[in-house]
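Shown next, in structure tokens, is the structure this report addresses.
The values are calculated or read from the model by the stated rules, or taken from the named source; none is laboratory data. Predicted model, so just to flag it, every value in this text is computed and none were measured. Ideal geometry is used to build each Cβ from the backbone, glycine not excepted, and the neighbour counts take in all protein chains shown. Heads up: the accessible areas ignore ligands, DNA and RNA and are worked out on the full protein's heavy atoms, side chains in. Shrake-Rupley method; radii C 1.70, N 1.55, O 1.52, S 1.80 Å.
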Amino acid sequence: MMLDGTEDEEKFLAAGIAGLQQNSFYMHRALDSNNLRDALKYSAQMLSELRTSKLSPHKYYELYMRAFDQLRKLETFFEEETRRGCSIIDLYELVQHAGNILPRLYLLCTVGSVYIKSKEAPAKDVLKDLVEMCRGIQHPVRGLFLRSYLSQVSRDKLPDIGSEYEGDADTVADAVEFVLQNFTEMNKLWVRMQHQGPAREKEKREKERSELRDLVGKNLHVLSQIEGVDLDMYKDVVLPRVLEQVVNCKDELAQFYLMDCIIQVFPDEYHLQTLDVLLGAYPQLQPSVDIKTVLSQLMERLSNYAASSADVLPEFLQVEAFSKLSNAIGKVIEAQPDMPTVGVVTLYSSLLTFTLHVHPDRLDYADQVLGACVKKLSGKGKIEDNRATKQIVALLSAPLEKYNDIMIALKLSNYPRVIEYVDIRTTKVMATVIIQSIMKNGTRISTSEKVEALFELIKGLIKDSDGIPNDELDEDDFKEEQNSVSRLIQMLYNDDPEEMFKIIDTVRKHILTGGPKRLPFTVPPLVFSSLKLVRQLQGQEENPFGDDASTTPKKIFQLLNQTIETLSGVLAPELALQLYLQCAEAANDCELEPVAYEFFTQAYILYEEEISDSRAQITAIHLIIGTLQRMHVFGVENRDTLTHKATGYSAKLLKKPDQCRAVYACSHLFWVDDHDNMKDGERVLLCLKRALRIANAAQQMANAARGSTGSVMLFIEILNKYLYFFEKGNLQVTVAAIQGLIELIMNEMQSDTTTPDPAANAFLASTMRYIEFQKQKGGAVGEKYEAIKVSHAG
């Protein structure tokens, strides 16, 4: 149900509209019959509806707009009357006989518009008369709408330069004086509204005032459109008069809105040349005015103006804009000791943006702004207000966006000091912004000092903080953060091995503080960066003056061993094992047998002590076999030890099929191409026979447990290994052995207990086709395969 007041207001509006429509009907009838006296009579009665005090500004506006439409028609009628010979001067005097002052003034403004158009009197005289007469209405709402009407009908008839209504030498001053006088009176009426009615309705009145602000602001827009208002007139007349009214009205709403209007409607060039005057007004405003927003908007406008063209930059230097704005901000903050942190940071953020646009080469200015901000933040503790932290991110992002280079930001001594005042979440946001900037711009960070400074800035992502427990972090967000750190580590590079080693050591120092959840993300990229350096050094002779004098592969491997060890301590043994194997391969390439053996030893210890999951064991053993197969640096004793261990692990896997596959993979450890001293045909055959025994055992177990022997897939896989070594020239793998295996597979496939397996059938058919293909090649290969009889599964 609607409130009584609202219901009453709707009734009053309906009654006002009805009265207005009725009188406008009679007015139109009089207009159609050219009856001037009746037209004036009914138009005055129609306008009397605007004398009401019972409507809110919003509803009053509805009534006013209907009256406005009718007045436009009346104005057209007055123009026609003058063309028919009616004296405009007589008409101007005639409408002043209307009984009530409000209708009389509306009619006077309407006829006044026609009077100016007729040019029978100077525009300035008519306008002066009208603006003075309107003082007769002192009711805030009625007065505002009346003066708004005056502004509306006169805006195209001002005695401006180049206008058809241009007057004598002072013509522009007359136009400006009229608009300023109307603005001043409207502002007084608008401010006076807050004192109308009981105190309990203050909030409602403020809302109503806010709805009417554009009526006042339009005058400033009209002023900005006057052609004759050049910089001198703006500086000497317009701005001082407007600011005088703004400061003297002592009203928070009016001061905020009008200062904003001044900034928005007048040209940026004028603001720049009158900075002293404009900024001098800020400390005189009411303490409750949101100065930070207005000042920020001014700086934003000036920043955009500076960015628009390099030609305007000398103007900024000439007026010393930076020092004036900097001083003004200091004074505003001092004048408002209770200004919230968000306000302080917003002001400095806007000043920094301005500085970067106007003085991009003056890093000392940018640092000065950050230093001033730090000074104001000191003593406030960690900032946790969301709006303030967003502004700090904006403040710190500004140099990155301007220079596209974190290295330039790192030259600002106060840059890291600002970050110290934000909470953990904001530190992380800022770290992400910095890393994204580096990625986007491909920034090269090539010294350990710079890396140290950078990692201090992004420490929010690198180490655990006491403030946020790990379980509060979103898993996906955490992964994304750590992946970005990993990408950053990969980007750090210097051609000089000494410096690169220092960079690696610096990164290592930081990431090892990262805690168990971070290390699995950050250690691998560090390891691969180190291995990249190892490959760069590969083949270089070690420094004859000792290991300490220079960066050597051995020195890097020592560092890597200690680094990877941290992963086994944070429940990431599979990852640690993979990295140990990578390092072993790199040590192999550097001909460092003891180092490679040590890495393999560490990998084996992890396999035995830490990796218990059967799937992880399968992956690990195949990695071990694959890596060991590629190693050529080991002597006979070391190779035998490691190979024996690998075959032992293979035979101890939980499931028979997994055992079988790992054991036949071990056969490759005894036959390495291009290394005749690493070809042992007997041991290859032993591995393959062992794999066959395990495959047989797997079938028997399956038969005992399920009543069927399962697939022959393992036998076909082993057959392919036989063929591989047969082709490679292993004399221990004979045609008879291959033939026997083929017959075994055929018998098994025809057995009633074998489970049909389309994949096995396809694999066998493919293998048989391969043997046929090799036979048809002719030559030595064809001769070799000729003795093998191919059978096809029935």
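Worth pointing out:
- Output for the range 716-736, where each listed residue is touching a residue at least 24 places away in the same chain (Cβ under 8 Å) and either over 18 Å from residue 690 (Cβ atoms) or more than 58 Å from the chain's Cα centre (by Cα) (or both): 719, 722, 723, 725, 726, 727, 728, 730, 731, 732, 733, 735
- Test: residue in the range 503-517 that is without any contact (Cβ under 8 Å) to a residue 40 or more places away in the chain and open to solvent by less than 40 Å² (accessible area, probe 1.4 Å): no
- Of residues in the range 414-431 being open to solvent by 40 Å² or more (accessible area, probe 1.4 Å) and of a type outside the set (D, E, K, R), the one modelled with the lowest pLDDT: 424
- Single condition residue 116 does not satisfy, out of (1) open to solvent by 70 Å² or more (accessible area, probe 1.4 Å); (2) of a type outside the set (Ser, Thr, Tyr); (3) under 22 Å from residue 164 (Cα atoms): (1)
- One residue from 47, 36, 40 being of a type outside the set (Asp, Glu) and closer than 25 Å to residue 212 by Cα: 47
- Looking only at the range 698-728, residues that are open to solvent by less than 60 Å² (accessible area, probe 1.4 Å) and assigned to a helix (DSSP H, G or I) come to 16 in all.
- Entirely in the range 140-232, the helices (runs of 4 or more DSSP H) that have 3 or more residues that are in contact with a Pro (Cβ under 6 Å, 6 or more places away or on another chain) and either at pLDDT 90 or above or of a type outside the set (Phe, Trp, Tyr) (or both): 171-192, 202-225
- Subset tally (residues that are part of a helix (DSSP H, G or I) and closer than 15 Å to residue 356 by Cβ) for the range 392-412: 13
- Criterion violated by residue 83 - all others in (1) within 56 Å of the chain's Cα centre (by Cα); (2) farther than 24 Å from residue 48 by Cα; (3) open to solvent by 10 Å² or more (accessible area, probe 1.4 Å) satisfied: (1)
- Check on residue 192, open to solvent by 20 Å² or more (accessible area, probe 1.4 Å) and farther than 27 Å from residue 234 by Cβ: yes
- Enumeration of residues in the range 729-745 that are outside any helix (DSSP H, G or I) and either within 14 Å of residue 718 (Cα to Cα) or not small (Gly, Ala, Ser) (or both): 730, 731, 732, 733, 734
- Members of the range 442-464 found to be within 23 Å of residue 390 (Cβ to Cβ) and either open to solvent by 60 Å² or more (accessible area, probe 1.4 Å) or not aliphatic (A, V, I, L, M) (or both), listed by number: 456, 459, 460
- Only residues that are under 10 Å from residue 144 (Cβ atoms) and touching a Lys or Arg at 6+ places or on another chain (Cβ under 8 Å) were counted across the range 183-214, and they come to 5.
- Long-range neighbours under 7 Å by Cβ, at least six apart or interchain, first residue touching a residue at least 40 places away in the same chain (Cβ under 8 Å) and among the β-branched types (Val, Ile, Thr) within the range 41-66, second in a helix (DSSP H, G or I) and crowded, with 20+ Cβ neighbours inside 10 Å: 52/16
- One residue alone among 244, 252, 315, 227 is outside the structural domain of residue 205 (by the TED database) and among the charged types (D, E, K, R), and that residue is 315.
- Residue 99 being touching a residue at least 12 places away in the same chain (Cβ under 8 Å), of a type outside the set (Phe, Trp, Tyr) and in contact with an Asp or Glu (Cβ under 8 Å, 6 or more places away or on another chain): no
- Residue selected from the range 581-629 under the condition among the charged types (D, E, K, R) and under 17 Å from residue 662 (Cβ atoms), by the criterion least open to solvent (accessible area, probe 1.4 Å): 613
- Among the residues of the range 730-747, the ones that are open to solvent by less than 40 Å² (accessible area, probe 1.4 Å) and more than 12 Å from residue 785 (Cα to Cα) come to 8 in all.
- Test for residue 658: is it of a type in the set (Asp, Glu), open to solvent by 30 Å² or more (accessible area, probe 1.4 Å) and under 30 Å from residue 591 (Cα atoms): no
- Subset tally (residues that are surrounded by fewer than 22 Cβ atoms within 10 Å (Cβ to Cβ), among the aliphatic types (A, V, I, L, M) and closer than 12 Å to residue 725 by Cα) for the range 666-697: 2
- Residue within the range 35-45 that is modelled with pLDDT of 90 or more and either in a loop (DSSP other than H, G, I, E, B) or not assigned by the TED database to the domain that holds residue 115 (or both) present: yes
- Cβ-Cβ distances below 6 Å connect the following pairs, each with a first residue in the range 417-429 that is outside any helix (DSSP H, G or I), a second residue that is open to solvent by less than 50 Å² (accessible area, probe 1.4 Å), and a separation of six or more residues or different chains: 421/377; 421/383; 422/383; 422/389; 422/392.
- The number of residues in the range 604-640 being hydroxyl-bearing (Ser, Thr, Tyr), more than 21 Å from residue 590 (Cα to Cα) and in a helix (DSSP H, G or I) comes to 4.
- Flag if residue 21 is open to solvent by 30 Å² or more (accessible area, probe 1.4 Å), assigned by the TED database to the domain that holds residue 110 and over 60 Å from the mean Cα position of the chain (by Cα): no
- Any hit, the range 436-449, residues being closer than 23 Å to residue 582 by Cα and part of a helix (DSSP H, G or I): no
- Flag if residue 404 is closer than 18 Å to residue 460 by Cβ and open to solvent by 40 Å² or more (accessible area, probe 1.4 Å): no
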